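The values are calculated or read from the model by the stated rules, or taken from the named source; none is laboratory data. Everything numeric in this text was worked out from a predicted model, so none of it was measured. Backbone-built Cβ (ideal geometry, glycine too); neighbour counts: all protein chains shown. These area figures cover heavy atoms from the full protein model, side chains too; ligands, DNA and RNA do not enter into them. Shrake-Rupley method; radii C 1.70, N 1.55, O 1.52, S 1.80 Å.
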Amino acid sequence: MSQAGWSETWDGLPAGLASSARSFASFIRVECGLRPNSVEAYLRDLSELLWFATERGAQDVDGLTPRLLSEHLRYLSAERQLAASSVVRHLATIRVFGRWLEATGRTEESPAGILERPTRWKHLPGVLSPNQMRRLLSAPGPQGVDRGTPLWIRDRAILEAMYSSGLRAGEVGVLRVEDAVLDTGIVRITGKGDKQRLVPMGQPAVRAVEAYLAECRPRLVLAAEAG
């Protein structure tokens, strides 16, 4: 369905929700540069959420409370009986939409910030403890040695991005500058099978990537050109 088609679908929503939906559609299509099939998938999930919220009395984005979002996910799982992987996809859309609402000032904070993934995600093996994760993030420059050098800044940005957004090493390795929408804290990932997805990025990761782009990348480019 084209964006115009989605706009017609949202005409029956309360004005506040419809307006946010249309603006978000433009954001993922233009600023994030998602392909049409990826835009379609995100807007389909968003449409289900907004109609669910409307049926429960929400008039604008302030009605998208954490409780309502949790009820929506339970509905998808228990009543729609969607597979866990499909619920995870819906959750990813909700998180990106919530981050966008916060970044654009439509809400004070993302209503999706406290949502948990389905239980099956809690049983993945080999999870690092918080202390181990802190040690890993400090690994590029222990005790201040070599901190601030281009390679340290780059490596810290890589580790922060992987930790914050749950990225694979291969996904980080092919990221381009235009894949990061830093003012919103969202990064576009192109994974296996050329599939695209958007993932939120925490503020420490955003700051690390901004430092890399401002202080490190220009120096590395100059060094590469000189070599």
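So for region 202-223 (the condition being under 16 Å from the mean Cα position of the chain (by Cα), at negative phi and outside any helix (DSSP H, G or I)), does at least one residue qualify? First the steps, then the outcome.
Going through region 202-223, the residues under 16 Å from the mean Cα position of the chain (by Cα) turn out to be 202-207, 209.
Retained after the next criterion (residues that are at negative phi): 202-207, 209.
This time we only want the ones that are outside any helix (DSSP H, G or I), so: 202.
Within region 202-223, one or more residues are under 16 Å from the mean Cα position of the chain (by Cα), at negative phi and outside any helix (DSSP H, G or I).
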Would you check if there is a residue in region 173-187 being open to solvent by 60 Å² or more (accessible area, probe 1.4 Å), of a type in the set (D, E, K, R) and in contact (Cβ under 8 Å) with a residue 24 or more places away in the chain?
yes
Would you tally the residues in region 73-99 being of a type outside the set (Gly, Ala, Ser), under 27 Å from GLY185 (Cβ atoms) and open to solvent by less than 70 Å² (accessible area, probe 1.4 Å)?
12
Considering only region 206-220, state which residues are closer than 19 Å to VAL96 by Cα and either modelled with pLDDT under 90 or open to solvent by 50 Å² or more (accessible area, probe 1.4 Å) (or both).
ARG207
Of (1) without any contact (Cβ under 8 Å) to a residue 60 or more places away in the chain; (2) touching a Leu at 6+ places or on another chain (Cβ under 9 Å); (3) within 21 Å of LEU13 (Cβ to Cβ); (4) of a type outside the set (Asp, Glu), ILE28 satisfies every one except (1)
Restrict the check to region 153-175 and report whether at least one residue is modelled with pLDDT of 90 or more, closer than 18 Å to TYR42 by Cβ and not in a loop (DSSP other than H, G, I, E, B).
no
Do any residues in region 8-24 that are open to solvent by 40 Å² or more (accessible area, probe 1.4 Å) have Cβ atoms under 7 Å from those of residues that are outside any loop (DSSP other than H, G, I, E, B), where the two are at least six apart or on different chains, and which pairs are they?
THR9/SER47; ASP11/ALA18; ARG22/SER7; ARG22/TRP10
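Is it the case, given these coordinates, that ILE189 is over 23 Å from ILE94 (Cα atoms), modelled with pLDDT of 85 or more and not charged (D, E, K, R)?
Details: over 23 Å from ILE94 (Cα atoms): no; modelled with pLDDT of 85 or more: yes; not charged (D, E, K, R): yes.
It is false that ILE189 is over 23 Å from ILE94 (Cα atoms), modelled with pLDDT of 85 or more and not charged (D, E, K, R).
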Residue pairs meeting the criteria (Cβ under 7 Å; at least 6 apart or on separate chains; first part of a helix (DSSP H, G or I), in region 98-113; second open to solvent by 50 Å² or more (accessible area, probe 1.4 Å)):
GLY98/GLY113; GLU102/GLU109; ALA103/ASP183
